[in-house]
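S.K.: Before I ask anything, let me first share the structure, which is written out below as C-alpha cells.
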Amino acid sequence: MKAARFHQHGGPEVLRCEEVPDPEPAPGRAIVRVRACALNHLDLWQRRGLDRVRIPLPHISGADVSGEIVDGAGVFSAGTRVLLQPGLSCGRCAACREERDNECADYSLLGYMSDGGYAELISVPVENVIPIPDHVDFISAAAFPLTFLTAWHMLLARAALRSGDTVLVLAGSSGVGQAAIQVARVHGARVLATSAPSKMAAVRSLGADEVFDHYAEDFSRRARAATGGRGVDIVVEHVGEATWDRSVRALARGGRLVTCGATTGYRASVDLRHLFARQLSLLGSYMGRKPELLQASRLLFAGKLRPLIDEVVPLADVRRGHQRLEASQQVGKIVLQPGA
Ligand SMILES: [Zn+2]
C-alpha cells in the first residue's frame, strides 16, 4: 500500500509518500481501507519529535480516520462504512471497565506509538470501529472524532456545561475551537470566541454570538463587556502560554477554565488570590471516553454537529497539509485523502 511516513524527526520535508507492506490480519483487529484521515496538531509534534517519548520509526501518523471495512474480524462485513474511535486503551483496568478509557494508564491514540491513518490501509482493534450511515461523507467522518470527542469531554464531563452558560472558546476556527463552539451551542450555551480577523466570518457561521480579535484586543475585557461585567462561565483553552492570563481574567465568579493543550507553550502562572477569592476551577482534559464519542456521533449523523473542513489534500501532498497547519492558515480541519 501507499503510506506517508517519516524515517527521522524534522520539518515537513521528512514526510515521504512511499510503498510500504500492507497490515497483516490479526485476531481481534479489523483492517480498514482509509478513505480520509484528518490532520491534528499531535501529528506535528510526532513529526518534530517529543522530549520524553520515543516514537517507533519509520512512522505513519494519523488518529482521525474514516473508511470501509476490508476485514471486519468476524464482527463487521466487508464494505461497511466506518469511522474510528481514536483512543486506544487496555480494556482490563478499573478505568477501562468503568468506561473511563481516557484515564487508562496505557491510553494512547491511533497513529501515536503504532501506525495510523496516513495510508491506504490501517489495522485497528475491532472495538474502535464505529459504523456510519450512508448519508455521512467520509471527509466529515474523518474530521469528526478527535476534536469533537475532546470538546465534548471538556465541556460536558469536565466543565459541567449547563444550558444558559456563557462559554468563551479560544481560537474558534481551530480544530478543537470549531468543535467546542458547536458542542456548546447544541447544549444551549451562549458562545463567545476569539479568532484572527480573517477567520471571524467562519467562526460566526459556526454559531458564535460574538467574535473577538485573538491578537489585537484584550479579549478578557471584551468577554466581560459582553456579559455585563460578569465574565464567562467557561473558557475553553488550548492555546496555552500566549493566552492563559487573559483566559483566567475572562472568568466569572465560580467560572471554570478547561484546557486540553498548549500550542504556544506550557508555562503559565496563576494569581492564587483570584483562584480562591473568585472560586475558580482550573480543569485539565485529555481526549474523551468512548461512550461520549458514541453520543456525539449521533449528533453528527443527525446533522446537528458538522466538522468545518478547511481543505481536502491528496495523500501525496501531505507535506503541504502539515505546512498549512503549522502556519495556522487553516479554518477548520485539513483532511488527507489516500487514493486521491
Ligand atoms: Zn485500561
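S.K.: Along the charge dipole of the chain, pointing to its positive end and built from +1/-1 on Cβ of Lys, Arg, Asp and Glu, which listed residue (Ser285, Val75, Ile130) has its Cα farthest out?
M.R.: Of the listed residues, the answer is Ser285.
S.K.: Can you pull out the GluC sites (Glu not before Pro) in region 180-258 whose DSSP state is coil and whose Cβ has at most 10 other Cβ atoms within 10 Å?
M.R.: Numbers: sites: Glu210, Glu217, Glu237, Glu241; in loops: Glu217, Glu241.
Here no GluC sites (Glu not before Pro) fit, given the DSSP loop and packing criteria.
S.K.: Turning to a different aspect of this structure: Here are some pairs, Lys2/Lys333; Lys2/Lys199; Lys199/Lys304; which of them have Cα atoms lying more than 26 Å apart in this structure?
M.R.: Lys2/Lys199
S.K.: Can I ask one more? Neighbouring Cβ atoms within 10 Å as the yardstick, rank Asp22, Asp71 fewest first.
M.R.: If I rank by nearby Cβ atoms, fewest first, I get Asp22, Asp71.
S.K.: What order do you get for Tyr215, Tyr107 when you list them from fewest to most C-beta neighbours inside 10 Å? If you can, show how the numbers build up before the last one.
M.R.: Working: Tyr215 11, Tyr107 19.
Fewest-to-most Cβ neighbours within 10 Å comes out as Tyr215, Tyr107.
S.K.: Is region 204-289 rounded, prolate or oblate when judged by the Cα gyration tensor, a ≥ b ≥ c being the square roots of its eigenvalues, rounded requiring a/c under 1.5 and prolate requiring a/b larger than b/c?
M.R.: rounded
S.K.: Here's something else I'd like to know. Treating only the Cβ of Lys, Arg, Asp and Glu as charged (+1, +1, -1, -1), what charge dipole size does the chain show about its Cα centre? Round to the nearest 20 debye.
M.R.: 1080
S.K.: Taking square-rooted eigenvalues a ≥ b ≥ c of the alpha carbon gyration tensor, is region 49-97 rounded, prolate or oblate, where a/c under 1.5 means rounded and, failing that, a/b exceeding b/c means prolate?
M.R.: oblate
S.K.: Quick check: the distance between the Cα centres of region 237-262 and region 152-168, to the nearest angstrom?
M.R.: 14
S.K.: Name the shape class, rounded, prolate or oblate, that the alpha-carbon gyration tensor gives for region 1-130, where a ≥ b ≥ c are the square roots of its eigenvalues, rounded holds for a/c under 1.5, and otherwise prolate holds if a/b is larger than b/c and oblate otherwise.
M.R.: Here region 1-130 falls in the oblate category.
S.K.: Pulled fully out, how much extra length does the chain show between Cys93 and His135, if you take 0.36 nm times their separation in residues and subtract their Cα-Cα distance? It would help to have the intermediate numbers written out before the result.
M.R.: Working: separation 42, 0.36 × 42 = 15.12 nm, distance 3.67 nm.
Length gained, Cys93 through His135: 11.4 nm.
S.K.: How about region 298-334: which trypsin sites (Lys or Arg not before Pro) there lie in a loop by DSSP and see at most 14 other Cβ atoms within 10 Å?
M.R.: Answer in residue order: Lys304.
S.K.: List the relative contact order of the chain as a percent without decimals, with contacts defined as Cα pairs under 8 Å and 6+ residues apart. Before the final figure, lay out the partial values.
M.R.: Working: 792 pairs, mean separation 63.6, N = 340.
For the chain, the relative contact order is 19 percent.
S.K.: May I pose another question? Mean residue ellipticity at 222 nm from the helices of the chain, using -39,500 (n - 2.57) per DSSP H segment of n ≥ 4 over the full residue count, to the nearest 500 deg cm²/dmol?
M.R.: Computed ellipticity for the chain at 222 nm equals -6500 deg cm²/dmol.
S.K.: Same structure again: Looking at the chain, what % of its DSSP beta bridges pair antiparallel, to the nearest 5?
M.R.: Antiparallel bridges: around 55 percent, rounded to the nearest 5.
S.K.: Can you pull out the trypsin sites (Lys or Arg not before Pro) in region 108-185 that DSSP calls coil and that have at most 12 other Cβ atoms within 10 Å?
M.R.: On the way: sites: Arg158, Arg162, Arg185; in loops: Arg162.
Filter output for region 108-185: Arg162.
Bear in mind that the values in this text are calculations on the coordinates, not laboratory data. Computed from a prediction, not measured in an experiment: that's the story for all the values here. We place every Cβ from the backbone using ideal geometry, glycine too, and count neighbours over all the protein chains shown.
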